[in-house]
Amino acid sequence: MAESIRILMCPPDHYDVDYVINPWMEGNIHKSSSARAVEQWQKLHHILKDLAVVDLVNPQKGWPDMVFTANAGLVLGDNVVLSRFFHEERQGEEPYFKKWFEDNGFTVYELDEDLPFEGAGDALLDREGRWLWAGYGFRSELDSHPYLAKWLDIEVLSLRLIDERFYHLDTCFCPLTEGYLLYYPGAFDSYSNHLIERRVPAEKRIAIEEADAVNFACNAVNVERTVVMNKASDRLKHKLESVGFEIIETPLTEFLKAGGAAKCLTLRITEPVLEYVHANSPVETRTIHMEGHLLDAGIMNKALDLVVENGGSFKVLNFNLGIERQSTSVADVRISAPSYQVLEEISRQLIELGAVTPPQEVCDVETETVTKAGVAPDDFYVSTIYPTEVRVNGQWVRVRQQRMDAAIVVSETDTGITASCKILRDLAVDDRVVVGIEGIRTVRKTESRETQQRSSQEFSFMGAGVSSERRVELVVEQIAWELRQIRDRGGKVVVTAGPVVIHTGGAQHLSSLIRDGYVQGLLGGNAIAVHDIEQALMGTSLGVDMQKGVPVRGGHRHHLKVINTIRRCGSIARAVERGILSKGVMYECVNNNVPFCLAGSIRDDGPLPDTEMDLIKAQAEYARLLEGTDMILMLSTMLHSIGVGNMTPAGVKMVCVDINPAVVTKLSDRGSIESVGIVTDVGLFLSLLVNQLEKLTSPYQIA
Ligand code: ARG
């Protein structure tokens, strides 16, 4: 027996499942047999007495979970950090454990009352004593970890738990002698898995399967080469034996009903301190400031959810709720994350939501210069669709050419400082690219109740995103009204259209929109033009007679004939000039001087002479035609619409029509109320739209 090792246990006199605070307890209230629990506990006690000295703490009536001494606190040397239980149901155990530690000569450290930490259930020492693994996500708060580091003078590695069945670190993670590690990877987020893999070499990692994990195989007591657990599969036994461990199985099924097993029932109270090990906690914190209709617009929820979903934690330092309907709220929130990398990711997303650094902490953007053309520095800030400002020489500068997925380039000349979005391939050597997260803010229009209502009058279904059930007519009325407004004030509408517009009989309607001045640019691929011209010249679309709706014999060749005809002319415009093409969408574009760009793809037949097969050029041309657009009508083309969405800043209205709800959802989900999704047949939509426009009387016409 290793005299030097001491373990604390608590007899199960008052043990029962009295409440539900973890998924294992569900359906098990008062379902455990106390006789069997006593028997199982005694067996474990007996086994452990051969391996170590077992101390006992007095069980207390009314605190059934006190048997789980792992949760009493975390011991290192003579120091102990007392647990602060997350659930009220267990908080009453704290004074009893505290007293035991004090009576036994420990120095007791206590966390703030609102900072939960559940002791050795959530904090496990590397068995070589090199560092402390600390869990968070369900019971213990990430913000407790820096205190562990400070008080116990040890490096803390934070691991995030994501499967509620494994709510305590010791339910899925068990450091073993000589640096081995028994663990269930599925219980951790990917960042934590990487951390584990970086610290523990592959040959020392024993990853177990779910079937063993749910038998609490990781909830094992390890003393030197012996591992005591509830149950292990043959595979796991062989694995552990092959690296020199002896396994003792002892059934603990009665305790599993409360969500605990061997390790939970014990607390190792002799944990030697290593001289060379010192405090370190990679937990990083940062304060952010938010202002606006934080509650009305749901920004506060979104921000706090995003922090937690990304593995961070928060503390609201100050929240000033706007009292009047129109007044805005202000919040200061401290964000913490297990590493700088995670904090950076969270910060980027918060910036996107409009969060800013508090005034006293604001600093200039960091930039790095491009050393290889077309390649950004590693840590470059990826732009979003939202209006962005960067701080250069103490001055906020609005970023130009706002679009998503670009880098931000800053330049200072005699005439002033500019910042603009540049896509990767356009980056030139010596361009100064914004990196990191400092000195960047996005300007989110704060939506008050009032403006939310106003915009919902314009597009009542906008906030709701996609709608297939609501009456399409109603939506069309609103879009028609808006289109008329834009036209009458000399605004700009760009259409992206797929060939389905032609197949569904929409050509005549789109043609009339162009003729009547509602369209200022057309973007699509080879196919929309081919089938439009096919219909104009031969009356079919992809070989289908557009009058009768039936395939025409030999019709599948029609589109090639048409391509050939246009190729002979040299361009669509020339075909119009020569009178060969005299109707349809492309004809109207040429005739009404509406610029168009056809972007090629791998599946194009021909292509038409106008189709731009150099995609870099096509993207540039799309971007040029989209400049200053007020509204984009996206008509049944996922490819071209997504392409366009990537280039468009927030604030441009988008109407996306497709028969496939998935396409509509994908496109209208830009996190802004400006996008509208309509699930319907595009030919039908266009016909309703034209109809509605005809009904509208322009105020100018009345005069
Ligand atoms: N019912 C107890 C709880 O939910 C079980 C604790 C198990 N202890 C442990 N270290 N995993 O808190």
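The values are calculated or read from the model by the stated rules, or taken from the named source; none is laboratory data. Fair warning: this is a prediction, and the values are worked out from it, not measured in the lab. For neighbour counting, all protein chains shown are included, and Cβ atoms are generated from backbone atoms with ideal geometry for every residue, glycine included. When the accessible area is computed, the model is the full protein with side chains, heavy atoms only, and any ligands, DNA or RNA have been set aside. Shrake-Rupley method; radii C 1.70, N 1.55, O 1.52, S 1.80 Å.
Taking residue 283 as the residue in question, decide whether it is in contact with a His (Cβ under 7 Å, 6 or more places away or on another chain), more than 16 Å from the ligand (Cβ to nearest atom) and open to solvent by less than 30 Å² (accessible area, probe 1.4 Å). For residue 283, the condition - in contact with a His (Cβ under 7 Å, 6 or more places away or on another chain), more than 16 Å from the ligand (Cβ to nearest atom) and open to solvent by less than 30 Å² (accessible area, probe 1.4 Å) - is met.
Inspect the stretch 320-327 for any residue being open to solvent by 40 Å² or more (accessible area, probe 1.4 Å) and outside any loop (DSSP other than H, G, I, E, B) and give the result as yes or no. Taking every residue of the stretch 320-327 in turn, at least one turns out to be open to solvent by 40 Å² or more (accessible area, probe 1.4 Å) and outside any loop (DSSP other than H, G, I, E, B).
So that you can scan it fast, the table gives a plain yes or no per residue for (1) within 11 Å of the ligand (Cβ to nearest atom); (2) modelled with pLDDT of 95 or more; (3) more than 37 Å from the chain's Cα centre (by Cα); (4) not polar (S, T, N, Q):
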position	(1), (2), (3), (4)
8	no, yes, yes, yes
12	no, yes, yes, yes
65	yes, yes, no, yes
73	no, yes, no, yes
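Scanning the stretch 278-317 for residues that are in a loop (DSSP other than H, G, I, E, B), in contact (Cβ under 8 Å) with a residue 60 or more places away in the chain, at negative phi and not charged (D, E, K, R) turns up 278, 279, 281, 282, 283, 293, 297, 312.
Residue 19 falls short on exactly one of the conditions (1) of a type in the set (Ser, Thr, Tyr); (2) more than 13 Å from the ligand (Cβ to nearest atom); (3) touching a residue at least 40 places away in the same chain (Cβ under 8 Å), and that condition is (2). For the stretch 189-228, filtering for residues that are over 21 Å from residue 68 (Cβ atoms), in a helix (DSSP H, G or I) and open to solvent by less than 20 Å² (accessible area, probe 1.4 Å) leaves 3.
Need a quick list: helices (runs of 4 or more DSSP H) entirely within the stretch 553-638 having at least 2 residues that are within 17 Å of residue 498 (Cα to Cα) and open to solvent by less than 20 Å² (accessible area, probe 1.4 Å).
585-591, 615-626
Restricted to the stretch 548-575, and to residues there that are among the small types (Gly, Ala, Ser) and either in contact with a Leu (Cβ under 9 Å, 6 or more places away or on another chain) or over 24 Å from residue 504 (Cα atoms) (or both), the residue that is modelled with the lowest pLDDT is 555. Of everything in the stretch 51-64 that is more than 11 Å from residue 11 (Cα to Cα) and in contact with a strand residue (DSSP E or B) (Cβ under 9 Å, 6 or more places away or on another chain), the residue that is least open to solvent (accessible area, probe 1.4 Å) is 52. Between 189, 212, the distinction of being within 26 Å of residue 86 (Cα to Cα) and either more than 30 Å from the chain's Cα centre (by Cα) or away from the ligand (no atom under 16 Å from the Cβ) (or both) belongs to 189 only. Screening the stretch 229-244 for residues that are not hydrophobic (A, V, I, L, M, F, W, C) and not in a helix (DSSP H, G or I) and picking the one that is nearest to the ligand (Cβ to nearest atom) gives 230. Of the residues contained in the stretch 168-177, one or more are found to be part of a strand (DSSP E or B) and without any contact (Cβ under 8 Å) to a residue 60 or more places away in the chain. The set of residues from the stretch 355-391 being open to solvent by less than 60 Å² (accessible area, probe 1.4 Å) and among the hydroxyl-bearing types (Ser, Thr, Tyr) comprises 357, 367, 381, 383, 384, 386, 388. Restricted to the stretch 65-150, the set of strands (runs of 3 or more DSSP E) holding at least 1 residues that are open to solvent by 20 Å² or more (accessible area, probe 1.4 Å) comprises 79-82, 107-109. Of the residues making up the stretch 245-270, those that are away from the ligand (no atom under 16 Å from the Cβ), within 26 Å of residue 130 (Cβ to Cβ) and touching a residue at least 40 places away in the same chain (Cβ under 8 Å) are 245, 270. Residues in the stretch 471-491 that are of a type in the set (Val, Ile, Thr) and more than 17 Å from residue 509 (Cβ to Cβ): 1 in all. Taken as a whole, the condition of being more than 30 Å from residue 308 (Cβ to Cβ) and either assigned to a helix (DSSP H, G or I) or open to solvent by 10 Å² or more (accessible area, probe 1.4 Å) (or both) does not apply to residue 27.
Please verify whether residue 663 is modelled with pLDDT under 95, open to solvent by 10 Å² or more (accessible area, probe 1.4 Å) and part of a helix (DSSP H, G or I), treating the condition exactly as stated. When the stated conditions are applied, residue 663 passes them.
Return yes or no: is residue 306 of a type in the set (A, V, I, L, M) and crowded, with 22+ Cβ neighbours inside 10 Å?
Details: of a type in the set (A, V, I, L, M): yes; crowded, with 22+ Cβ neighbours inside 10 Å: no.
It is false that residue 306 is of a type in the set (A, V, I, L, M) and crowded, with 22+ Cβ neighbours inside 10 Å.
If you go through the stretch 362-411 and keep only what is without any contact (Cβ under 8 Å) to a residue 60 or more places away in the chain, assigned to a strand (DSSP E or B) and among the β-branched types (Val, Ile, Thr), you end up with 375, 388, 390, 392, 397, 399, 408, 409, 410.
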